[in-house]
There are 2 protein chains.
Amino acid sequence: MAQARVRRPELAARFMEAQDAARLFRPGMTVGMSGFTKAGDAKALPRALVERARGEPLDLTLITGASLGNDSDGLMANAGVIARRLPFQADASLRRKINTGEVMFIDQHLSETAEQLRSGVLPAIDIAVIEACAIREDGSIVPTMAVGNSASFVQQAKQVIIELNLAAPVALEGLHDIYVPRPRPGREPIPLTHPGQRIGATAIAVDPARIAAIVVTNSPDSPSSVLPPDTETDAIARHVIAFLEGEVSAGRMTPQLLPLQAGIGTIANAVLHGLTQSSFRGLTMYSEVLQDSAIELLDAGQLALASASSITLSAATHERFIANLDKYRDRIVLRPQEVSNHPEIVRRLGIIGLNTALEFDIYGNVNSTHVGGTHMMNGIGGSGDFARNGELAIFVSKSEAKDGAISSVVPMVSHVDHTEHDVDVLVTEWGLADLRGLAPRERAPVIIEHCAHPAYRAQLRDYYERALLRGGQTPHLLEEALAWHERYRRTGTMQVT
Amino acid sequence: MAQARVRRPELAARFMEAQDAARLFRPGMTVGMSGFTKAGDAKALPRALVERARGEPLDLTLITGASLGNDSDGLMANAGVIARRLPFQADASLRRKINTGEVMFIDQHLSETAEQLRSGVLPAIDIAVIEACAIREDGSIVPTMAVGNSASFVQQAKQVIIELNLAAPVALEGLHDIYVPRPRPGREPIPLTHPGQRIGATAIAVDPARIAAIVVTNSPDSPSSVLPPDTETDAIARHVIAFLEGEVSAGRMTPQLLPLQAGIGTIANAVLHGLTQSSFRGLTMYSEVLQDSAIELLDAGQLALASASSITLSAATHERFIANLDKYRDRIVLRPQEVSNHPEIVRRLGIIGLNTALEFDIYGNVNSTHVGGTHMMNGIGGSGDFARNGELAIFVSKSEAKDGAISSVVPMVSHVDHTEHDVDVLVTEWGLADLRGLAPRERAPVIIEHCAHPAYRAQLRDYYERALLRGGQTPHLLEEALAWHERYRRTGTMQVT
């Protein structure tokens with residue numbers, strides 16, 4: 001069965017066990033692995049590298065698309081396989097190693113990593129490990145449920161290890177659209193003018209001589225771990241939908257809206273899920289990831305087509321998706337993350353970006369990454385690519401965390417990932433703040449009254465009113481601006497008691 | 001003489017005195033004015049509006065390209081002409097009104113204003129006031145030393161007032177390249193692949209029926225107020241040049257580098273000036289503004305061509321530039337700021353962005369706008385367009401201000417305009433920190449030892465070492481993170497005494 005998926009006969013000689021392929025690695029190498037939001041990641045080599053590292057620590061620089069599934073990041077971090085990691089992760093064990101300083105984490109905009117590899121800012125990829133569902137006659141690699149940075153890794157890698165995953169149907173072939181911008185100078189415009197347009201190849205080209213090993217696996221992607229919608233996420237979805245309906249009424253958008261992007265996670269997924277209850281039809285997505293909600297919207301006929309760099313689904317939705325692949329084939333395109341998140345395309349198409357905030361402040365600055373201003377959660381991901389360059393940057397969050405001990409609306413965020421220049425709309429279960437065209441002093445009352453939890457509004461008003469006495473474009477009491485976070489650290493709550 | 005510059009005979013009937021044109025304005029209108037970094041601004045209408053407002057406050061929303069010259073912003077702010085202002089300013093009196101909250105200031109990325117006008121997020125322009133050096137047979141408007149947002153204002157305005165400035169030579173005709181992206185959906189790629197390429201018209205098209213008034217002026221642009229290079233700016237320039245030479249040696253750039261952008265102001269100008277002492281040849285600029293240094297580099301033959309949205313010069317350089325216009329004609333292109341700063345072009349060309357920081361922190365976050373975290377200086381301008389989307393984001397600052405009472409390198413910036421994700425290189429007179437590929441914990445020692453003033457290094461090390469004990473991706477002591485600014489406010493110095 002594996003042989004039938006390798007259509008270039010000479011490559012039959014490269015079949016290898018994972019532990020043998022792991023011997024190709026040397027300490028300190030730079031490794032590019034497929035995988036984006038748990039989809040399309042290599043399943044065997046991470047574990048083989050953990051074994052390999054029992055002899056000597058490998059201290060690899062590991063670059064991926066985004067997060068890996070199968071606990072791979074955590075296992076590799078704990079075993080000393082990884083010394084440096086970019087551009088994103090979402091693993092509890094690796095997170096611990098990052099926050100103790102044992103693993104260096106470079107938190108990047110997801111459109112930028114491929115560019116930095118190409119220009120030589122990052123060290124060149126020694127070995128690429130790419131999950132595939134087939135290898136073509138010309139040696140080109142057909143990815144599985146994600147493209148991520150795989151095409152750029154393969155272009156640059158001295159050696160390519162292919163994980164041929166028999167659990168990924170060959171029917172995925174044709175879903176991908178591989179386009180990689182050329183080096184500068186002399187780069188041409190990316191010819192994409194519509195979310196569903198195909199501009200590249202359906203497989204990743206590679207000189208077959210560089211394929212060092214083919215490792216057979218038979219293991220599904222880790223299922224998505226998003227939580228089902230709840231009262232708060234339903235309310236957030238309603239606010240977002242009412243806002244978008246208002247944009248259509250005001251004549252700023254057509255009823256088809258503009259292409260939607262939705263970040264990974266429970267709240268963004270719930271908002272898209274909420275769209276199934278709306279009257280919107282003929283929608284498009286131009287996103288980095290598709291979750292269950294995108295499949296629901298396709299099934300409901302409300303989403304005309306969806307472009308992304310990966311598809312990460314719950315087990316049940318995954319099964320339905322694979323069983324009905326032919327139904328989705330003409331309506332889904334999987335692209336390199338450099339293209340799915342590219343500033344050129346994001347501005348041209350006018351993306352509506354919907355991403356999750358950890359916290360935001362009364363002037364509209366957003367923290368997406370750092371708990372308490374210091375400890376990394378996952379990473380900025382593609383939110384910056386979309387928020388800076390898109391038509392509309394919407395950030396969503398529940399108004400409280402830890403049973404009310406933490407307010408998601410604070411006087412000053414403890415870490416800034418998205419500045420007030422980039423943030424258009426903020427939403428919690430309590431309401432929506434439309435910040436477009438507002439100065440900071442106009443933003444604060446709107447954010448406090450529309451978005452903050454009522455239990456924190458008086459405290460926020462008090463801060464803002466006293467800050468106003470000091471004046472400025474963005475009034476603050478610097479000696480108090482971060483006191484809420486400090487209070488939580490010391491007393492376990494941001495509430496003044 | 002004025003008549004000869006208006007080549008459409010019927011428009012002779014629209015000649016009008018400024019005070020008569022000012023009667024076209026109604027309180028609360030949205031007005032778009034030409035002008036970008038003091039260049040190409042309307043000279044007569046701002047003063048006529050000040051007179052007009054003596055009867056009743058006008059409370060206009062005033063949108064420009066960027067800053068105006070001739071004290072216009074201050075005079076209008078003081079007279080109650082302006083209630084809202086965007087996207088940039090650099091006037092002491094207006095700044096005071098902004099910081100007291102009397103004028104609402106919306107501080108925008110300079111590429112975004114035209115997009116927000118087009119999509120209806122901002123109120124539509126009622127009246128556009130555009131400085132011109134000529135009006136063509138078809139009524140189209142030939143701008144002067146800046147394009148800014150003028151083309152977008154004219155597209156949208158119900159009435160257009162043209163200030164025909166006889167002090168601006170008609171020979172400027174041909175320098176401009178007017179291209180305005182079309183509305184979405186269906187927008188095409190911007191076909192620009194080389195900094196000097198012309199993709200549009202040489203004048204701003206307008207239905208002549210909308211030209212409500214032609215006001216004749218004879219008044220030069222305010223001269224640029226940049227200071228001459230000094231010991232510190234010379235040192236900063238040397239560090240930047242050595243770094244760029246290193247990029248060439250490492251094979252990451254050709255000796256022609258990539259197109260350069262340099263922000264407005266003394267330090268960026270000094271760094272470009274420093275390039276005249278370098279061995280670089282065949283350079284190009286793709287910037288928002290050209291200052292004296294760009295003309296020097298063109299004169300020296302080191303700069304092959306320069307694209308920008310405005311040219312702001314000292315009086316002497318301005319005179320030389322105008323006298324030798326034919327020499328520069330083939331090597332300078334003036335574009336709408338939406339194009340000069342467009343994410344699509346900035347990423348495609350791979351701009352090297354060089355901008356000034358007010359302060360930066362030990363992890364590489366940059367404050368470009370807010371003194372003490374609260375009071376607006378000028379605005380973010382185009383720095384975010386270039387830093388986020390370009391190939392290389394370099395931020396420069398002197399290491400100290402106020403005779404050493406303020407350190408430009410602080411534990412945590414008091415306001416974030418550019419996040420650590422976007423900042424590649426930091427430079428002060430003491431040295432350069434190359435942050436590319438470094439995690440925050442690796443950045444801090446490099447920034448402290450290379451960039452901070454020696455008088456502040458021990459204090460910074462002490463903070464960082466104690467913050468490390470708390471752990472995290474980005475270690476901080478939140479209760480102390482902004483204490484340096486607070487100390488300066490209370491005691492007049494950031495130094496611990």
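Can you tell me which residue among B:370, B:375, B:415, B:421 is facing chain A (nearest Cβ under 7 Å) and without any contact (Cβ under 8 Å) to a residue 40 or more places away in the chain?
On the way: B:370 fails: without any contact (Cβ under 8 Å) to a residue 40 or more places away in the chain; B:375 fails: without any contact (Cβ under 8 Å) to a residue 40 or more places away in the chain; B:415 fails: without any contact (Cβ under 8 Å) to a residue 40 or more places away in the chain.
Of the residues listed, the single one that is facing chain A (nearest Cβ under 7 Å) and without any contact (Cβ under 8 Å) to a residue 40 or more places away in the chain is B:421.
Quick check on my filter: what residues within segment A:378-405 are more than 14 Å from every other protein chain (Cβ to nearest Cβ) and on the phi < 0 side of the Ramachandran plot?
Pass one, segment A:378-405, residues more than 14 Å from every other protein chain (Cβ to nearest Cβ): A:395-405.
A:395, A:396, A:397, A:398, A:399, A:400, A:401, A:405 - these are the residues of segment A:378-405 that are more than 14 Å from every other protein chain (Cβ to nearest Cβ) and on the phi < 0 side of the Ramachandran plot.
If I go through segment A:76-94 residue by residue, how many of them are crowded, with 20+ Cβ neighbours inside 10 Å, assigned to a helix (DSSP H, G or I) and out of contact with any strand residue (DSSP E or B) (no Cβ under 6 Å at 6 or more places or on another chain)?
Final tally of qualifying residues: 2.
Among the residues of segment A:449-468, is there at least one that is in contact with a helix residue (DSSP H, G or I) (Cβ under 8 Å, 6 or more places away or on another chain), touching a residue at least 24 places away in the same chain (Cβ under 8 Å) and facing another protein chain (nearest Cβ under 9 Å)?
Yes: one or more hits.
In this structure, does residue B:446 turn out to be at pLDDT 95 or above, under 26 Å from residue A:96 (Cα atoms) and more than 7 Å from chain A (Cβ to nearest Cβ)? Before the answer, list the steps.
Values: at pLDDT 95 or above: yes; under 26 Å from residue A:96 (Cα atoms): yes; more than 7 Å from chain A (Cβ to nearest Cβ): yes.
Spelling it out, residue B:446 is indeed at pLDDT 95 or above, under 26 Å from residue A:96 (Cα atoms) and more than 7 Å from chain A (Cβ to nearest Cβ).
For residue A:77, are the conditions met, namely being within 26 Å of residue B:442 (Cα to Cα) and either at pLDDT 95 or above or among the hydroxyl-bearing types (Ser, Thr, Tyr) (or both)? Give the steps one after another, and end with the answer.
Numbers: within 26 Å of residue B:442 (Cα to Cα): yes; either at pLDDT 95 or above or among the hydroxyl-bearing types (Ser, Thr, Tyr) (or both): yes.
Considered against the rule, which asks whether it is within 26 Å of residue B:442 (Cα to Cα) and either at pLDDT 95 or above or among the hydroxyl-bearing types (Ser, Thr, Tyr) (or both), residue A:77 comes out as yes.
Output the number of the condition that residue A:330 fails; it satisfies all remaining conditions of (1) without any contact (Cβ under 8 Å) to a residue 40 or more places away in the chain; (2) within 14 Å of chain B (Cβ to nearest Cβ).
Tallying (1) without any contact (Cβ under 8 Å) to a residue 40 or more places away in the chain; (2) within 14 Å of chain B (Cβ to nearest Cβ), residue A:330 fails exactly one: (2).
Scan segment B:157-187 for residues that are over 25 Å from the mean Cα position of the chain (by Cα), buried (at least 16 other Cβ atoms within 10 Å of the Cβ) and either within 14 Å of another protein chain (Cβ to nearest Cβ) or under 20 Å from residue B:326 (Cα atoms) (or both) and report the count.
2
Give segment A:290-330 a look and list any residue that's assigned to a strand (DSSP E or B), surrounded by 22 or more Cβ atoms within 10 Å (Cβ to Cβ) and in contact with a Lys or Arg (Cβ under 8 Å, 6 or more places away or on another chain), or say none.
Keep residues of segment A:290-330 that are assigned to a strand (DSSP E or B), which gives A:290, A:303-308, A:310-311.
Imposing the further condition that a residue be surrounded by 22 or more Cβ atoms within 10 Å (Cβ to Cβ) reduces the set to A:290, A:303, A:306-308, A:310-311.
Within segment A:290-330, A:303, A:306, A:307, A:308 qualify.
Mind checking which residues of segment B:426-442 are in a strand (DSSP E or B) and away from chain A (no Cβ under 11 Å)? Write out each step before concluding.
Filtering segment B:426-442 for residues in a strand (DSSP E or B) gives B:426-428, B:431-434.
Hits for segment B:426-442 are B:426, B:427, B:428, B:431, B:432, B:433.
Only one of (1) in contact (Cβ under 8 Å) with a residue 40 or more places away in the chain; (2) out of contact with any Cys (no Cβ under 8 Å at 6 or more places or on another chain) fails for residue A:431. Which number is that?
Condition (2) is where residue A:431 drops out.
So, in segment B:240-274, how many residues would count as being assigned to a helix (DSSP H, G or I), of a type in the set (Val, Ile, Thr) and within 24 Å of the chain's Cα centre (by Cα)?
Of segment B:240-274, the ones assigned to a helix (DSSP H, G or I) are B:240-249, B:266-274.
If we keep only those that are of a type in the set (Val, Ile, Thr) too, we end up with B:240-241, B:248, B:266-267, B:271.
Retained after the next criterion (residues that are within 24 Å of the chain's Cα centre (by Cα)): B:240-241, B:266-267, B:271.
Final tally of qualifying residues: 5.
Counting only residues that are free of Cβ contacts under 8 Å to residues at least 60 places away in the same chain and over 33 Å from the mean Cα position of the chain (by Cα), which one in segment B:479-497 is nearest to residue B:442 (Cα to Cα)?
Looking at residues that are free of Cβ contacts under 8 Å to residues at least 60 places away in the same chain and over 33 Å from the mean Cα position of the chain (by Cα), I get B:479.
Please state which one of A:190, A:199, A:204, A:211 is assigned by TED's automatic domain parsing to the domain that holds residue A:137, touching a helix residue (DSSP H, G or I) at 6+ places or on another chain (Cβ under 9 Å), surrounded by fewer than 17 Cβ atoms within 10 Å (Cβ to Cβ) and within 30 Å of residue A:119 (Cα to Cα). Let's see the steps before the verdict.
On the way: A:190 fails: surrounded by fewer than 17 Cβ atoms within 10 Å (Cβ to Cβ); A:204 fails: surrounded by fewer than 17 Cβ atoms within 10 Å (Cβ to Cβ); A:211 fails: surrounded by fewer than 17 Cβ atoms within 10 Å (Cβ to Cβ).
Every option except A:199 fails the conditions.
Can you tell me which condition residue A:332 does not meet? The list is (1) touching a strand residue (DSSP E or B) at 6+ places or on another chain (Cβ under 6 Å); (2) within 19 Å of residue A:271 (Cα to Cα), and all the others hold.
(2)
Select from segment B:115-153 the residues that are closer than 24 Å to residue B:315 by Cβ and assigned to a loop (DSSP other than H, G, I, E, B) and write down the one among them that is nearest to the other protein chains (Cβ to nearest Cβ).
B:147
Determine whether segment A:21-28 contains at least one residue that is in contact with a helix residue (DSSP H, G or I) (Cβ under 6 Å, 6 or more places away or on another chain), basic (Lys, Arg) and not assigned by TED's automatic domain parsing to the domain that holds residue A:346.
Of the residues in segment A:21-28, the ones in contact with a helix residue (DSSP H, G or I) (Cβ under 6 Å, 6 or more places away or on another chain) are A:22.
Add one more test, that the residue is basic (Lys, Arg), and what stays is none.
For segment A:21-28, residues in contact with a helix residue (DSSP H, G or I) (Cβ under 6 Å, 6 or more places away or on another chain), basic (Lys, Arg) and not assigned by TED's automatic domain parsing to the domain that holds residue A:346: absent.
The values are calculated or read from the model by the stated rules, or taken from the named source; none is laboratory data. The shown structure was predicted, so the numbers you read here are calculated from the model rather than taken from an experiment. For neighbour counting, all protein chains shown are included, and Cβ atoms are generated from backbone atoms with ideal geometry for every residue, glycine included.
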